[in-house]
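Here's the structure, in C-alpha cells; my notes come after.
Nothing in this text is a laboratory measurement; each read-out follows from the coordinates by a stated rule. Here the structure is a predicted model, which means the values were calculated and not measured. Here Cβ is always computed from backbone atoms with ideal geometry, including for glycine, and neighbour counts include all displayed protein chains.
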Amino acid sequence: MHLLVCGGTGCRAAESDAIVTNLQQELEKNGLQDQVQVVMTGCFGFCEKGPIVKVSPDNTFYTQVKPEDAAEIVAEHVVKGRQVNRLLYKDPEKKETVSDSKHMDFYKKQIRIALRNCGFIDPENLDEYIARDGYMALGRCLTELKPQDVINEIKESGLRGRGGGGFPTGIKWEIAAKNDADQKYVVCNADEGDPGAFMDRSILEGDPHAVLEAMAICGYSTNATKGLIYIRAEYPLAIKRLKIAIDQAREYGLLGKNIFGTDFEFDIELRYGAGAFVCGEETSLIHSMEGLRGEPTIKPPYPAESGYLGKPTNVNNVETYANIPVIINKGANWFNKIGTEKSKGTKVFALAGKINNVGLIEVPMGTTLREVIFEIGGGIKDGKKFKAVQTGGPSGGCLTEEHLDTPIDFDNLVQAGSMMGSGGMIVMDEDDCMVSMAKFYLDFTVEESCGKCSPCRIGNKRLYELLDRITQGKGEMEDLQRLRNMSQVIKDTSLCGLGQTSPNPVLSTLDNFYDEYVAHVTDKKCPAGQCKDLMTYTIIEENCVGCTACARVCPVGAISGEKKQVHNIDPEICIKCGACIERCKFDAIIVK
Amino acid sequence: MDKVKLTIDNKQIEVEKGTTIYQAAKKLDIEIPVLCYMNLEDLGIENKPGGCRICVVEVEGRNNLAPSCSTEVWEGMVVHTHTMRVINARRTVMEFILSDHPKDCLTCAKSGNCELQDMAVKLGIREIPGQEYAEMSEYKVDFSPSIIRDLDKCIMCRRCEMMCNEFQTVGALSAFHRGFEAAVGPAFEMDLEHSPCTYCGQCVAVCPTGALTEKDHTRDVINALSDPTKKVIVQTAPAVRAALGEEFGMEPGTSVTGQMVSALRRLGFDYVFDTDFAADLTIMEEGTELLDRLTKHLNGDKEVKLPILTSCCPAWVQFFEHNFPEMKDVPSSARSPQQMFGAIAKTYFADKISVKREDLVVVSIMPCLAKKYEAQRDEFKLDGNPDVDFSISTRELAHLIKEANLDLNTLPVEDFDKPLGESSGAGVIFGATGGVIEAATRTAYEIHTNKKLEKLDFEELRGLDGIRSATIDFDGTPINIGIAHGLGNARKLLEDIKAGKSQFHAIEIMSCPGGCIGGGGQPIHHGDSSILKARTKAIYAEDAGKPIRKSHENPYIIKLYEEFLGKPMSEKAHHLLHTAYFDKSKKIEIS
C-alpha cells in the first residue's frame, strides 16, 4: 500500500510535510512502516481541496487533510480498511461523497500527458520514474532511431510550443539540427511568469525527469551536447528537485557520456533567472543566461541560428518537453489523434480566480471553455454569475459568455481575441470590473517591461494612466478612442512579444465590455461596484434604527446621527473602506 | 555576394543580401526617419538596437510593423514606408517619447542641435495628448568635471552605451532599471566621477538629446574676460580649427584658423596662442624620451620599457590608470600639449609680461571633454592655482562667438600672437589619428640619424583603420610603429604588450574615432562619418601649407629651450613638462 501525499508548493504551504511525518510516525506506532510506504509526490492539480492524500491501490482521494488527520487515516484506513468519510471529496451538486478521483468531475474530462506522473511518483526517486516507462523513449531514440527520425516523429505528432507562441516543435528542432556548429545548446524555458500560472512549476516539481529526458532527446535530434534549464530563482522546490534529478540521472548514466552505451553525450545545467517576465521571451532569456541585461533583440537571427553564446540553440518550454517522451513511446499517431485539427494533444491550464475548483488541469485541445469552467472547474464561486475568463495572462484577452462553447486551441483563442499563452486561466464573475481588470494587467506589464523600446516602455505606462483615470471617473469619451489607438500602435510597433501583446487586455475589454467603459466615463459609475472612486455609501432611512454601530466603526468620522435617529454619511469625508457595511446588522447601508 | 530584389514604395531595387530596409530605401532616395539608429560607416561603428521604433515601415505579409533600421530585406519583399498606418504609428510613438521628455528646450544645451527636437518637427508634433497627467521619469543630475548627465532627457537610444562598451570598452555606461524607469548610466547608479569613465566624451558626441552634455565653462570665461585685473590668454588645440567652421554653416573640412584667431581677439583675449606650439614642445620631450629609451634598448638594456606610448590624450591616460595600472610606467611621462602650454604660460610667459601667476588666466579651446578633467588634476596645480584655468570645447567657443555677434564667415584672417602662437605643421597634425607619431617621427628621425628627411608625409601612418602599423627605416634601424584610435583598439594593443607579444617600439593612442578631430567636444556629427574624414583632410592640408613642418625647427621652441628650459628632459623640463600616473583601478565606489 502507498500513501501518496501532495508535495507541490501549494500543499506544502498547507503543511503537507507535516502530514508525511505524522503518517510515518503513525505507521511506525502500528508497526506498518515496512508494509505501507508514504510517498511525497508532485502536484495532484486539485489545489482548491489540498493538501491531498491519495491511497493506492484503492484510489481513495482524501482532501483538505491536516497533519492531525494522520492518526485517523492510519488507524481507520490502513489498519481497519475503512475510509475516513469526513476527508472524502463531496460533490457540491449531488452532495455525495466521491472516494475515487476518477469519478470526480474535476478529473473526469482530463487527459494527463504532460502531468502523467504528477501525483503518482516520488519526483525525488528516479526508480519510480523508470517504473513508469521513464527514459524508455530516450533509450529508443538512441538505439533505434536516427536524429531525423525523431524530428519526423515530433513533426508528425503536430506538437506545438506550449510556451505561448504555438510554433511547431518539430520544425523548430529541424532548424536547429540543420544549423551546423561546433557546439549547440538545448534550453528549457522554465521562466514561468504569468500571474496565477503554475503549470511549469508543477511539472518540474512533480516530474523533473520527464523534462530532462526530453531535453536529452532534443540534444540527440539536434546534435547538441549541452542542456540548460533557465528557471526562476523563486521556484526553490522545483530547483531542488531538478538538482536531485540531474544528479540521479548522471549517477545512472542517463546524462553524461556514453548514454545507453552509445557515443551520445549530453549534460544539463541550471541557470537561474531573477524573475523578470520579459526573460520568458527567448532572446531575453538567452541574454540573461549570458550574463547580459535581460532584454530582447530583434529576430532574425533566431536562437536556432544564433542563440546562447552565438551558437544554434533550441528553446522550448517545460510543458512542451514534458510531452516528448510520451510521443516517442506511444507514437505520433497516438498523439495526433488527441486534440483539434491544428492543435494536437492536450494543454495544461492553471485555473484561478472566481472558480470553485482552483487548480491545475490538463485537457485535450478542443475542450470548450464551458467544460473547463463549469464541469472541471465546478462553476463560479458562491453561485455568482460568470462574466469573463482571461486566458494567456497579461498577454491574452478576456473571453465572455459568447465564447464559452468555443473549443480551446491555439487558433480559436486568437480568433476570439485572446491567446493560449502558457495556460493561465483566470475566471471573473459579475463583481469584477473589467476596466480595473485591464488596469491590473497593465500595471503588471508596466512593471515588467524591460524598457528597451519606446512603445512598450512609455506607451504601456500611458495606457495604465488613462485606465487609472477612467476608474477614477476622470475619463472622457475621446479617451476611449485614444486607448484603442495607443493599444494598436503599441502592438504594431513593439520590439518583442511582451509589448506586442500587452495591450490585449485593453483591446479585448474594449471590444467585449465597451458599455462598462462608457458607464465609467459618462455616468461616472462602476457597474461591478469595484472602483472605489466611483462609489457612494448611503444610508437607507427606512432600515436605519439609529444603533450608532456604523458611526462608531467609521475610522474617519464620516457618519453622524443621534441615537435612535436615522444616520447620515458625509460623502466628502467617507473613504469608502466598507467598515460600516460590515458592521450594520439592518442592511441599512448601500453602495451605489 | 547574393542579390535580393525588393519593392519599396512601388519602386524596385536590387541590393546585396543582408542590406536593411533602411539602407535599401536610402539608395532609392526614400528617407525613412530614424532616431536611435546611428552608423559611422567608415569607422565600423553602428548602433541599431531597434529600440525607438520611429523607423517602422509596413511590410506586406507581416502582421506588425518592421523596424527598417534593423530588418534585413528578402527576395520579393514589398515595403511601404509612409502609409497612414505607419505615419500614425510614428507620430504616436513620438508622442510617447516626448511625453516622458522635459520641455525645457529654452535652456537646454542641445536646443537647436537636438535630434529629438528635429524629429518632433519632422513628424508634425504640436501637442502631446494627456501630457497634463503623464508621469515623467526623474533622475538625479550627475555633474562630473567633464560631462553632465541629465537622464530625464534620455530616450534610451543606447548610442552612448554602445560607444562606451563596444567601441571604447570602458564599460562605464549600461542600461539600468526596467520599464518606465529604465535609463543608461554607471553601475549601481554611481556618479560618473566614481565610475571607470575616462571622460572621452564619445557618449556626448553621439547623444541625440541633451541627456549627455559637456560641463559648460563659458560663464567662467566671460567672468575672466570681464575682470580688468586679469590677463586672459587662450590656446587653441589643432583639431578645433578644422571643425569650428561647421558651427557657422561652412562645409565640413573648412579650416578656419585665421578667422578663429580674430574671433578670439575680438572676444577680448589679451593674447591668442596656439596649443600647436605646445604640441611641438611635446614632440621635443616625448621624442627625446623615445630616443632615449630606444638607444638604451638598442644598446641591450633589458629593463627599458618599450614600446613607448604617447600620453597626449587625457582620456587614454584615465583609461590605463583605471584598467592597466600595472603598466603606468610604460607611457611617456610627457604631459599633454594643453598642460605643457599651461605650465609654460604661467612661468616663462608670465615672467615675460611681468604678470603674477594668479593674475594670469589660461583658457584652452579643446575638441575634447576629458581636457576639462585634465585641467583640474591636482598634479597640474601650483598652490591650488591650475596651469590651465578653464578648458572649453569647440562647441562652447562657437556659442561664445555667436553670442558676441561675430560670424566666422565675415571675420578677417589674423595670425596668432608670439611667442606661444608659432607652430610647425607637425604640431597641427596632432589633431588627427597618427599625427602625433608622425610628428615625432619627423623629429626623432632627424635627431637620431643626423640626416634631413626628404619626404615629410608618412602616408603609411595615416588613415581611419582602428589599428594601424608601419615600419619606418631610421637609416638602417627599423622602427615599428603602432597606432590605435578608440580605446577598444588601444586595449588590444595593451593586452599584447602585457602578454609580451608587442613588436612595436612606439605606439600612438587616441581615444576618439579619427583622433581629436572626432573628439567629444567637437560639433556634433550626428552619425555622419564623412564629416570626420573632411576634418582629417583639413588638418593635413594645414600641415602641408606650413613653412615649418618639423617641431624641432620651430624657432620659438628653440628659443624657449635656450632662454628657459635648457634642453629636453632637463630638470626644469622634467619639473614643468612631465608627470606621473596613478593606480585608479580600485577607485570604484558605490555611493
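Where does helix A:208-222 land angle-wise versus the long Cα axis of chain A, in degrees 0 to 90, nearest 10? Taking the Cα atoms of chain A, the angle to A:208-222 is about 60 degrees. Once the C-beta distance of B:T410 and A:Q472 is scaled by a Förster radius of 51 Å, the resulting FRET efficiency is 0.25 to the nearest 0.05.
Taking label positions 7 Å along the Cα-Cβ direction at both A:Q25 and B:D583, the computed distance is 6.1 nm, reported to one decimal. The mean sequence separation of alpha-carbon pairs under 8 Å and at least six residues apart, normalised by the residue count of chain A, gives a relative contact order of 11 percent.
Using only Cα atoms, find the angle between the long axis of helix B:487-498 and the longest principal axis of chain B, and express it within 0 to 90 degrees, rounded to the nearest 10. It works out to around 50 degrees. A simple spin-label model places the labels of B:K17 and A:E144 4.0 nm from each other, with each point 7 Å out along Cα-to-Cβ. Counting only DSSP H runs of at least 4 residues, each contributing -39500 (n - 2.57), and dividing by the residue count of chain B, the helix-based mean residue ellipticity at 222 nm comes to -9000 deg cm²/dmol.
When only alpha carbons are used to place a centre, region B:320-355 and region B:58-98 end up 53 Å from one another. Per DSSP helix of 4 or more residues, -39500 (n - 2.57); summed, then divided by the residues of chain A. What does that give at 222 nm, rounded to the nearest 500? Dividing the helical sum by the residues of chain A leaves -9500 deg cm²/dmol.
Whole-Hz Karplus values for region B:465-475 come out as 4, x, 10, 10, 8, 7, 10, 10, 7, 8, 6 Hz, taken residue by residue from phi with 6.51 cos²θ - 1.76 cosθ + 1.60 and θ = phi - 60°; glycine and proline positions read x. Helix A:477-493 versus the longest principal axis of chain A: what is the Cα-based angle in degrees, 0 to 90, to the nearest 10? That works out to roughly 10 degrees. The mean sequence separation of alpha-carbon pairs under 8 Å and at least six residues apart, normalised by the residue count of region B:64-179, gives a relative contact order of 20 percent.
Once you reduce region A:97-137 and region A:360-381 to the center of their Cα atoms, the two points are 19 Å from each other. A simple charge model with +1 on the Cβ of Lys and Arg, -1 on the Cβ of Asp and Glu and nothing else charged puts the dipole of region A:487-563 at about 300 debye relative to its Cα centre. If I model a spin label as a point 7 Å beyond the Cα along the Cα-Cβ vector, how far apart are those points for A:K94 and A:E265 in nm? Roughly 5.9 nm, to one decimal. An oblate overall shape is assigned to chain A, the ratio a/c of its alpha-carbon gyration tensor axes (a ≥ b ≥ c) being 1.5 or greater and a/b not exceeding b/c. Whole-Hz Karplus values for region B:361-367 come out as 10, 9, 10, 10, 9, 10, x Hz, taken residue by residue from phi with 6.51 cos²θ - 1.76 cosθ + 1.60 and θ = phi - 60°; glycine and proline positions read x.
Between rounded, prolate and oblate, where does region B:3-82 land on the alpha carbon gyration tensor, with a ≥ b ≥ c its root eigenvalues, rounded for a/c under 1.5, else prolate if a/b exceeds b/c? Taking the square roots of the gyration eigenvalues as a ≥ b ≥ c, region B:3-82 is oblate. Phi angles of region B:438-447 translate, via the Karplus equation with coefficients 6.51, -1.76, 1.60 and θ = phi - 60°, into HN-Hα couplings of 5, 4, 5, 5, 4, 7, 4, 4, 5, 5 Hz per residue; Gly and Pro are given as x.
For the pair region B:191-228 and region B:527-591, the centres of their Cα atoms are 22 angstrom apart. Classified by the C-alpha gyration tensor, region A:126-335 has a rounded form. Its axis ratio a/c, with a ≥ b ≥ c, is below 1.5. With contacts taken as Cα pairs under 8 Å at a separation of at least 6 residues, region A:1-158 carries a relative contact order of 22 percent. For chain A, a simple Cβ point-charge model (Lys and Arg +1, Asp and Glu -1, everything else neutral) yields a dipole of about 380 debye relative to the Cα centre. In a fully extended conformation the segment linking B:N88 and B:E31 would gain 18.8 nm over its present Cα-Cα distance, using 0.36 nm per residue.
The length gained on full extension between A:Q415 and A:Q64, counted as 0.36 nm times the residue separation minus their Cα-Cα distance, comes to 122.4 nm.
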